[in-house]
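> This is the structure I have questions about; it appears just below.
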Amino acid sequence: MLDFVQQLVSGVALGCVYGLIALGFVLVYKATEVVNFAQGDLMMLGGFLAFTFIGMMGLNYWIGFAGAVAAMALFGMLAERVVVRPILGYPQFSIIMATIGLGYFLRSIAGMIWGTDDLKIETPFSQGVLRIGPLVLAYDKLSVIAATMILCTLLYLFFNKTTLGTAMRASSENMLAAYYMGIPVKRVVSIVWAISAAVATCAGVLLAPITFIHSNVGLVLGLKAFPAAVLGGFGSIPGAVVGGVLIGVIESMAGFYLAEGWKDVAPYIVLLAVLLLKPEGLFGLHVRKKV
């Protein structure tokens, strides 16, 4: 039973990281109907920036964390302006290939600047453990879960209680109607990309105590976060986080209880089974189609 609880907590913590990356997929898709396949690489770049601020420059953890998030938010706006906006209106395949190319570019730049070694960020939660009788839970995993809950709450309040959040929701529902109502759609889309990159950076920094950061980590986790977004329902923001947690838990349990090799396969088997029964995802939100 203790092993089950520890694997559950580990799976939820890893799933929270998947969920935050998946959240970026959903935010960008809802605002622009663009699937940003560079989302995992934005997480990787944010993690490297945080390592630079905290590990190399010696800044306080929280200051370095905030600096990395702010820098990546600006980079997200720049990426939208330079890579995506000029080709909006072209076939979706062109935009998808542009984001894939952006991912390759970011991985190459990261490899040239930070090298190919695995890097780790020391956090205030790296060493401690919580003991509940015989049960031992690492603070780093609990901190990931707590931070994800806080971040999701803040995003919920932002999108539902602020004027800018309402404008973003309006743009995601009908961009043309929002434009005619006086909403600055281009600026809103840039801010969505900024939020997406900032959330990805949070995922990268939270991931650092659990595993290492390297130039290909974004590709690996992005390939797991994308199915998480599909599993929860690609248009659903809560569904992205729930889908990430489910995939993380399934992966953790399969790695502990099943034979070697099932860890990476089991989440996709569950995904296929769910989509066969419920093609729109667990939260039942149908993907919008252009008429």
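> Kindly identify the stretch 74-190 as rounded, prolate or oblate by the Cα gyration tensor criterion: order the square roots of the eigenvalues as a ≥ b ≥ c, call it rounded if a/c is under 1.5, otherwise compare a/b with b/c, prolate if a/b is larger, else oblate.
Oblate, since a/c reaches 1.5 and b/c is not below a/b.
> Further question: So for the chain, considering every pair of alpha-carbon atoms, how many percent are separated by more than 29 Å?
Counting every Cα pair in the chain, those more than 29 Å apart make up 33 percent.
> Let me check against my output: what whole-number percent is the relative contact order of the chain, with C-alpha pairs under 8 Å and at least 6 apart?
For the chain, the relative contact order is 37 percent.
> Sticking with this one: Tell me, what is the per residue accessible area of the chain in Å², probe radius 1.4 Å?
Result: 48 Å² of accessible area for each residue.
> Kindly write out, for the stretch 109-123 in residue order, the coupling ³J(HN,Hα) from the Karplus curve 6.51 cos²θ - 1.76 cosθ + 1.60 (θ = phi - 60°), rounded to whole Hz, with x marking Gly and Pro.
With the stated coefficients, the stretch 109-123 comes to 5, 4, x, 6, 7, 9, x, 10, 6, 6, 10, 9, 9, 7, 10 Hz.
> Can you work out ³J(HN,Hα) from phi for every residue in the stretch 269-279, in order, using Karplus 6.51 cos²θ - 1.76 cosθ + 1.60 and θ = phi - 60°, giving whole Hz and x for Gly and Pro?
5, 5, 4, 4, 5, 5, 5, 5, 8, 9, x
> How much length is gained if the chain between Thr163 and Ala146 is pulled fully straight, taking 0.36 nm per residue apart and subtracting their Cα-Cα distance, in nm to one decimal?
Between Thr163 and Ala146, full extension yields 3.4 nm more.
> Which residues' amide hydrogens lie under 5 Å from the amide hydrogen of Ile213, considering only partners 5 or more residues apart or on another chain, with H built in the peptide plane?
Leu119, Lys120
> Still on this structure: From the phi of every residue in the stretch 169-177, what ³J(HN,Hα) in whole Hz does the Karplus formula 6.51 cos²θ - 1.76 cosθ + 1.60 yield, where θ is phi - 60° and glycine or proline is x?
So the J values, rounded to whole Hz, are 5, 5, 5, 5, 6, 7, 5, 5, 5.
> Carbon and sulfur together cover what percent of the accessible area of the chain at a 1.4 Å probe radius?
Ligands and nucleic acids excluded, carbon and sulfur reach 70 percent.
> Please build a GNM for the chain, connecting alpha carbons under 10 Å apart, and tell me which residue among Pro267, Pro209, Pro91 fluctuates the most.
Pro91
> Moving to a separate point now. So what's the angle, to the nearest 10 degrees on a 0 to 90 scale, between helix 139-161 and the longest Cα principal axis of the chain?
Here the helix axis deviates by roughly 20 degrees.
> Then there is this: Between 0 and 90 degrees, rounded to the nearest ten: what's the tilt of helix 217-232 against the longest Cα principal axis of the chain?
70 degrees
The values are calculated or read from the model by the stated rules, or taken from the named source; none is laboratory data. Here the structure is a predicted model, which means the values were calculated and not measured. Accessible surface areas use protein heavy atoms only, side chains included; no ligands, DNA or RNA. Shrake-Rupley method; radii C 1.70, N 1.55, O 1.52, S 1.80 Å.
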